[in-house]
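What follows is a single structure, written as structure tokens, with notes after it.
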Amino acid sequence: MELELKRDAIHCFETVADVTICQEETQEAIVPDACPDILRIVEVCGQACLTGKQAREGMATVSGMVRASVLYLPETGGCLRHMELSVPFTCQVEAPGLTSQGTILADPRLRWAEARVLNPRKILLRVDLAVEIRACQPCERTICQGVEAAEEHGIRQLQEEQTTDQIVAVQEKPFTFTDGVDLGLSEGGELLSLRGEPSCEESRLIGSKLIFKGSVELHALLRDADGTLRTARESMPFSQIIEVPGAGEDAECEVRVVLTDLNAPAIGTTVGSAEVTLELLAQAVVRSQRPVTMLQDIYSTGWMLEVQTEEHTMRQVVDQSIRPQSVREILETTTLVRNAIDGWLSLGEIRQSREGDQMILSAEVLITALYLDDGEELQSIQRTVQTDCRLDCPVQAVCQCWCTAPGELAVVPAAGGLEVRFTLEFHCLCLAERRQAAISSARLGEERAKPDGTQPSVVLRMAAPGERLWDIAKAYGTTTEEITQANELEEGCLPTGRMLLIPRVR
């Protein structure tokens, strides 16, 4: 006869893929008729935007667009010119267990971009992307808590109270906002490039509402009417709400905001105060600690049992922190630097390695700087640096990490080149995982044989090392209470090196 078991249904999300895809795209482009012939390309400024995501059976697909501003010097001489290009991209990753009901979280980043002159009217543009992709699949886990009407068949059950960390909600919210931005350009000035870096600075749950705040840092490269190059920065703050029912206010929230589109005055136009429209996508992951009662073992004092078990993955947070790393580098140049014009960072892949119980996180950062040399010629320099972060993380734990570069990149002339300084923040979440077996089903078998005069009603034996009172009671079809009473033991105490009386149930 099958025993009726009490079951606990846990609704959560499982991460079925968490990878960073690095890929390159190329595109040939003709110089527009309105632009002069190209003499030399100085640099390419770019912005990666997320345009689409799709979850299907075992596969996650992400698409987007790189908007690039190619800065160049014309053959006819004169000041810096530019041309605007768009490069589409699509990347895929295998995600076993993912279905169309899953959710894809994505964050595309432009690692670097370069352009090569094929002829004065034609260029080859190359862009290299790092696209973080995380696929979350909704699922229902069923854990057996105990046996219904356990006393009816003399059922004894061993239960354990545990907690497990799980993803209880994955929510998204697209939003748009427009604001006026004063770039300080007078008549005759020109906007050469514009980039936006969104960040979420605060998030918390109040009831069923997830409130998050942040800003988009706009970074513009400008040329004034007199030909002077300079940069301008403006911050566009935002505040939004996402409905997250049933999570609880003690849940932990991770919100990342990515740019899907940036609409501003056409690059190259003369602007004073400009209206900028940002299209963004907020991606929220909500985690919660949940209590779980697990039925680890059962037996009957009157019947033999046939049981089956299954393993469940239990997770505990061992580290959740933001770890800032200060970076200072010297970019060596072949000529004297007269003036630093602009600089920006591009974040690449984050690699993980181990040294015992320590996790080493290594972030790839590409530094780009524009400067005027001693001949007043505009030059560009790039350097890839690796920034490491160490944290304690047990071997059985997994680590999720992403990086941000808050604040400004400081670029100043120095002996031999340019000195750059910035702060890189590692956002770390370490989860210890362990597999825990629990009863999944049980049925009554044959009746236990009772003492009939040929079998002793009391057995003398000594507890083996590591043996529990539960194990002894189960082996002889008795109860822990009977053994405790017969040997006058304190509750929960099993002495070593002492003979025990094991009464058998009649």
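Here, each number is a calculation from the coordinates, and none is a lab measurement. Everything quoted here is computed from the prediction, not taken from an experiment. Cβ atoms come from the backbone with ideal geometry, glycine included; neighbour counts cover every protein chain shown.
Overview of values
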quantity	calculated
Residue 349/residue 9 FRET efficiency (R0 45 Å; Cβ-Cβ; nearest 0.05)	0.75
Local electrostatic count at residue 185 - Lys and Arg +1, Asp and Glu -1, tallied over other residues with Cβ under 15 Å	-4
The chain - convex hull of the alpha-carbon atoms, volume per residue in Å³	180
Cβ charges +1 (Lys, Arg) and -1 (Asp, Glu), total dipole of the chain, debye	700
For the chain, calculated [θ]222 nm from helices alone, where every DSSP H run of n ≥ 4 adds -39500 (n - 2.57)	-1000 deg cm²/dmol
Charge-dipole axis of the chain as Lys and Arg at +1 and Asp and Glu at -1 on Cβ define it, positive-most pick from 391, 294, 63	294
Full-extension gain in nm, residue 199 to residue 360, via 0.36 nm per residue minus C-alpha separation	55.5 nm
Positive-end residue of 153, 169, 108, charge dipole of the stretch 107-180 with Cβ unit charges	108
Normalised contact order of the chain, rounded percent, pairs of Cα under 8 Å and 6 or more residues apart	14
Relative packing of 397-406, 189-198, 16-25, which averages over residues the other C-beta atoms within 10 Å, highest first	189-198, 397-406, 16-25
Label-point separation, residue 412 to residue 326 (7 Å along Cα→Cβ), nm	1.3
Spin-label proximity, residue 139 to the stretch 157-193 - amide N less than 16 Å from point 7 Å beyond Cα toward beta carbon	164-170
FRET efficiency for residue 59 and residue 148, using Cβ-Cβ distance with R0 set to 41 Å, rounded to 0.05	0.45
Approximate spin-label separation residue 490-residue 84, in nm, with each point projected 7 Å along Cα-to-Cβ	7.9
Dipole of the stretch 449-503, positive end: most advanced residue of 479, 457, 493 [Cβ charges, Cα centre]	457
